[in-house]
Amino acid sequence: MLNFDYYNPTRIVFGRDSIARLQELVPENARVLVLYGGGSAEKNGTLAEVEAALAPRTVMRFGGIEPNPAYETLMQAVQLVRQEGLDFLLAVGGGSVIDGTKFVAAAVEYPREDPWHILETFGAKISSALPLGCVVTLPATGSEMNHFSVVSRKSLQAKLPFASPHVFPRFAILDPVKTFSLPPRQIANGIVDAFVHVIEQYLTYPVNAPLQDRYAEGLLQTLVDIGPRALATPQDYDLRANLMWAATQALNGLIGAGVPQDWATHMLGHEITAMYGLDHAQTLAVVLPPLLDLRREGKREKLLQYAERVWGIREGSDTARIDQAIARTREFFASLGMKSRLGDYQISAEAVPRLLAQLEAHGMDKLGERQDMDLELSRRVLEACL
């Protein structure tokens, strides 16, 4: 196992009717901005429940944060916070709302005139941020328990990540009941997103970290087991609870502590989303299988371990077992209704040079756990996605 420093200050409040706990979690004198996405949080009563729990604090709303949170939208929230002297942010929604809220928290106090610099430097220059909490309504990104965020800028067709310990949520409320009314597409996206988060931290090369491996394999097996059932039976509290907890565990830093991490699938996926507007999870389902195929030599030992421990594939040659594991991965995505080719989304070969140009512009020319995935290999992966 490699050396590491693991830190996570986020307090988790999990279970039915847990939104009422906001009364004790948010400071009594806080001036709160509640950030959310579309109208579902308002229609299903979640916003009213949140505001009732926050009374008698000063509370303002900011809605309209997109599924891929846009810099242009988030800067409007930054302006509102500054104008009204608000001092606590509460994200109500899924990973996009939480990611956007993290950006707002950092941008309000950022010394540069254009806070896009936060994304250009991957958060390296953040020295402070407003405190924030989360009410999670969509199990997917795990953003509620980490210090990562991804923000898009429409004018640049760019989607970039940043990280800072200053944007860890102070707390995260997870009530599985809030997922019952979500559309199937969002649940499927969440399952795929969580699954690939685990893969990116697990499917690299061995470093004598058996506990991290078994923890990651347990999460993958859990998602494979409960994912399709949670999608098929939306009112099953236990299935939705376990899905929600698995998604949070998938990216809270623990399974990635002391092990190499990849993230090439995510970087390619971000560029596809920024240029063509696909859902984040849709891009992951497209990119991951061909990426594993083309990088099978570097990932050989862990791919064989993945085949055996996650999919129970123990017979046949090494090549055959790896082939089966990749095929089973693609089949799992299909069982969730997730397409796995760019052509399924009417994206043709002309996309490849455009995406490569964006990767190069954003400094994504050395990807993967060994930083040996150059633009030529990225080109081959993207062509295999067609």
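The values are calculated or read from the model by the stated rules, or taken from the named source; none is laboratory data. Here the structure is a predicted model, which means the values were calculated and not measured. Glycine also receives a Cβ, built like all others from the backbone with ideal geometry; neighbour counts cover every protein chain displayed.
Would you be able to tell me the number of residues in segment 45-72 that are out of contact with any strand residue (DSSP E or B) (no Cβ under 9 Å at 6 or more places or on another chain) and over 16 Å from residue 32 (Cβ atoms)?
2
Checking the condition over 29 Å from residue 270 (Cβ atoms) and not acidic (Asp, Glu), which residue from 54, 74 passes?
54
Does residue 99 fit the bill of being of a type in the set (Asp, Glu) and touching a Pro at 6+ places or on another chain (Cβ under 8 Å)?
yes
Which residue pairs have Cβ atoms under 7 Å apart, sit 6 or more places apart or on different chains, and have a first residue in segment 88-109 that is in the same structural domain as residue 167 (by TED's automatic domain parsing) and a second that is charged (D, E, K, R)?
Pairs found: 88/31; 96/66; 98/144; 108/82.
Just to verify a result, which residue in segment 175-213, among those that are among the aromatic types (Phe, Trp, Tyr) and not in a helix (DSSP H, G or I), is farthest from the chain's Cα centre (by Cα)?
Of all residues in segment 175-213, those among the aromatic types (Phe, Trp, Tyr) come to 180, 195, 202, 205.
After this cut, where a residue has to be not in a helix (DSSP H, G or I) as well, the list is 180, 205.
Working: 180: 20, 205: 23 Å.
Taking the candidates together, the pick is 205.
So in segment 205-215, with the set limited to residues that are crowded, with 16+ Cβ neighbours inside 10 Å and touching a Gly at 6+ places or on another chain (Cβ under 9 Å), which one is nearest to residue 142 (Cα to Cα)?
Among residues in segment 205-215 that are crowded, with 16+ Cβ neighbours inside 10 Å and touching a Gly at 6+ places or on another chain (Cβ under 9 Å), the one nearest to residue 142 (Cα to Cα) is 212.
Just for segment 336-345: of the residues that are out of contact with any Gly (no Cβ under 8 Å at 6 or more places or on another chain) and not acidic (Asp, Glu), which one is surrounded by the most Cβ atoms within 10 Å (Cβ to Cβ)?
Among them, the one singled out is 342.
Considering only residues of segment 224-279 that are aliphatic (A, V, I, L, M), part of a helix (DSSP H, G or I) and closer than 30 Å to residue 365 by Cα, which is farthest from the chain's Cα centre (by Cα)?
Looking at residues that are aliphatic (A, V, I, L, M), part of a helix (DSSP H, G or I) and closer than 30 Å to residue 365 by Cα, I get 275.
For segment 163-174, check the following and say yes or no: at least one residue is surrounded by 24 or more Cβ atoms within 10 Å (Cβ to Cβ), touching a residue at least 24 places away in the same chain (Cβ under 8 Å), assigned to a helix (DSSP H, G or I) and in contact with a helix residue (DSSP H, G or I) (Cβ under 8 Å, 6 or more places away or on another chain).
Yes, segment 163-174 contains a residue that is surrounded by 24 or more Cβ atoms within 10 Å (Cβ to Cβ), touching a residue at least 24 places away in the same chain (Cβ under 8 Å), assigned to a helix (DSSP H, G or I) and in contact with a helix residue (DSSP H, G or I) (Cβ under 8 Å, 6 or more places away or on another chain).
In segment 349-359, is there at least one residue being out of contact with any Leu (no Cβ under 7 Å at 6 or more places or on another chain), part of a loop (DSSP other than H, G, I, E, B) and in the same structural domain as residue 300 (by TED's automatic domain parsing)?
yes
Six or more apart or on different chains, Cβ atoms under 8 Å: show the pairs whose first residue is in segment 310-338 and modelled with pLDDT of 95 or more and whose second is assigned to a helix (DSSP H, G or I) and among the basic types (Lys, Arg).
Note: pairs meeting the criteria are 311/328; 313/321; 313/328; 314/321; 315/321; 318/300; 322/300; 337/185.
Run down 323, 318, 279 and say which single residue is over 17 Å from residue 379 (Cα atoms), of a type in the set (Asp, Glu) and buried (at least 19 other Cβ atoms within 10 Å of the Cβ).
After applying the criteria, what remains is 279.
Residue-by-condition table, conditions (1) modelled with pLDDT under 95; (2) outside the structural domain of residue 283 (by TED's automatic domain parsing); (3) crowded, with 18+ Cβ neighbours inside 10 Å:
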| residue | (1), (2), (3) |
| --- | --- |
| 31 | no, yes, no |
| 34 | no, yes, yes |
| 39 | yes, yes, no |
| 58 | no, yes, no |
| 65 | no, yes, yes |
